[in-house]
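Before we start, here is the structure in question, set down as structure tokens.
Derivation of every value follows stated rules applied to the coordinates shown; laboratory data play no part. Small disclaimer: the values here were computed from a predicted structure and weren't measured. Note that we place each Cβ from the backbone using ideal geometry, even for glycine, and neighbour counts take in every protein chain shown.
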Amino acid sequence: MSVQDSAGLSPSTRVVSLGRPAHQPGAAVNPSVTFTSTYLADGDVSYARVDNPSWSGLEAVLGDLEGGRALAFASGMAAISAVLAQVPHGGVVVAPHHAYSGTTGLLDDLANSGAIQLRRVDISDTSEVVAALDGADALVAESPTNPMLEVADLPTLIEAAHERGAWVMCDNTFATPLLQQPLSMGADVVVHSVTKYLAGHSDLVMGATVTPKTESGERFGEQLHTHRSSRGAIPGPMETWLALRGIRTLSLRVERAGENAQAIAAGVADHPAVTRVRYPGFGAIVGIEVIGGAAGAESVCAATSLWTHSTSLGGVESQIERRRRHAAEVHTVPEELIRLSVGIESADDLLRDLIAALDAIQP
Ligand SMILES: *Cc1c(COP(=O)(O)O)cnc(C)c1O
């Protein structure tokens, strides 16, 4: 036997036990990586762009954690593109001012080409979002948002969207399915940048969608599967295997990184160079605003030695970055905002390194 039915098992068991070959004497403990583009005729699978057993283990684990059917994509943006392609031509999309810059950029492109009509909202202002939902086709939610760490009242927004005939996509990259399961709140599709916490080691780029196991959810999942097959944004077998290897430690990593993030947020709050700390109280991303504007923030990023000065997040190693250094970042994100992706190192070591960098800013 092997663990196929997760009922009654805690998430920390499920991330370890699901998506493995059946238990038989002599069987491999891990799925194998299959490098093939095609299969001999008359079997269950025919061509590796359409169906690929290399994806099954990861899709089984992620689908189980989110409570739906997962599909692996070539990147988080490929997954988000597939979902946004389901909006009818010229349809109305309500989306946050602040979200991952790739998502906000894609929404702008779609709006500029006439493919969608875009209504931007403050996703943490529930009444503003609800007012914008009249006549909308879809709500794009991200919570907490990247990099402003705003939190949306997802259950209320999802219910309001459904009452007005709009479906809801929720980007769950920051929270991970261990801290938040949007499908259980009624969301129609969850998207992930698997690149971040799920894979967890900054060594690959991958994405996923998860749709609920309801009748309409199954239909949505089929549309996304068709989109993945025809557009071809599929992950490779090696990346998928690495992501499955990474997700095995997800519960340990999320727990440790979350504890570290609490310690970092509290530990810098009273520093004279810090003007604001953004931390939603869960997860492992912390935003800090510092004195000295963009230059002050850049000097902090350059002065740390333990923190990795690089873009991206969700790896075992702590990362630091001033988001506005990227021209694509939304212009209402403060110039002096530093995004910290807190990793699993010792919180004391991380805090000492960060405080030394903060001490060096001249007011
Ligand atoms: C990184 C990120 C994405 C994009 O994912 P890629 O794997 O880089 O394509 C989407 N949403 C959020 C919240 C992200 O942080």
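If the elastic network links every pair of Cα atoms under 10 Å, which of Ala199, Ala72, Ala347 fluctuates the most in the Gaussian network model of the chain?
Ala347
Is the C-alpha gyration tensor of the stretch 1-85 telling us rounded, prolate or oblate? Criteria: a/c under 1.5 is rounded; beyond that, a/b larger than b/c is prolate, otherwise oblate.
oblate
Taking the Cα centre of the chain as the origin and placing charges on Cβ (Lys, Arg +1; Asp, Glu -1), which of Ala284, Val168, Pro11 is farthest toward the positive end of the dipole?
Pro11
In nm, to one decimal, how far is the modelled label at Thr311 from the one at Val33, with both set 7 Å along Cα→Cβ?
The two pseudo-label positions are separated by 2.6 nm.
With a/c under 1.5 counting as rounded, go ahead and sort the chain into rounded, prolate or oblate using the C-alpha gyration tensor (a ≥ b ≥ c being the square roots of the eigenvalues; past the cut-off, prolate if a/b is larger than b/c, else oblate).
Here the chain falls in the oblate category.
Taking the Cα-to-Cβ direction at Leu9 and at Ala294 and moving 7 Å from each Cα, how far apart do the two end points lie in nm?
With each label placed 7 Å out from Cα toward Cβ, I get 5.0 nm.
Per DSSP H run of n ≥ 4, the term is -39500 (n - 2.57); total these for the chain, divide by its residue number, and report the mean residue ellipticity at 222 nm rounded to 500 deg cm²/dmol.
The helix contribution divided over the chain gives -11000 deg cm²/dmol.
Given +1 on the Cβ of Lys and Arg, -1 on the Cβ of Asp and Glu, and no further charges, what dipole in debye does the chain carry about its Cα centre, rounded to the nearest 20?
The calculated dipole for the chain is roughly 600 debye.
Pick from Ala41, Ala85, Ala95: which is most flexible by mean-square fluctuation in a GNM of the chain where alpha carbon atoms under 10 Å apart are linked?
Result for the chain, Cα springs under 10 Å: Ala41 fluctuates most.
Have a look at Gly91, Val191, Leu58 and report the one farthest towards the positive end of the charge dipole of the stretch 11-247, computed about the Cα centre with Cβ charges (Lys/Arg +1, Asp/Glu -1).
Sorting the options by dipole projection puts first Leu58.
Which one of Ala273, Ser124, Leu178 is farthest out on the positive end of the charge dipole of the chain, using unit charges on Cβ (Lys, Arg +1; Asp, Glu -1) and the Cα centre as origin?
Final value for the positive-end residue is Leu178.
Please work out the Cα center distance from the stretch 68-85 to the stretch 310-360, rounded to the nearest Å.
For the stretch 68-85 versus the stretch 310-360, the Cα centre distance is 27 Å.
What is the chain's relative contact order, in percent, from Cα pairs under 8 angstrom and six or more apart in sequence?
For the chain, the relative contact order is 16 percent.
For the stretch 218-363, what class follows from the C-alpha gyration tensor (a ≥ b ≥ c being the square roots of its eigenvalues): rounded when a/c is under 1.5, otherwise prolate if a/b is larger than b/c, else oblate?
Judged from the Cα gyration tensor, the stretch 218-363 comes out prolate (a/c at least 1.5, a/b above b/c).
Starting with the fewest neighbours, write out Cys301, Cys170 ranked by other beta-carbon atoms found within 10 Å of each beta-carbon.
Placing the least packed residue first, the sequence is Cys301, Cys170.
Within the stretch 130-147, what residues put their amide N at less than 17 Å from the label point 7 Å along the Cα-to-Cβ vector of Arg325?
Under 17 Å, as judged by backbone N against the label point of Arg325, lie 147 of the stretch 130-147.
If you line up the long axis of helix 215-231 against the longest principal axis of the chain, both from Cα atoms, how many degrees apart are they, to the nearest 10?
90
Gain in length, Ala22 to Asp348, computed as 0.36 nm per residue apart minus the alpha-carbon separation, to one decimal in nm?
Contour length minus the Cα-Cα distance gives 113.1 nm.
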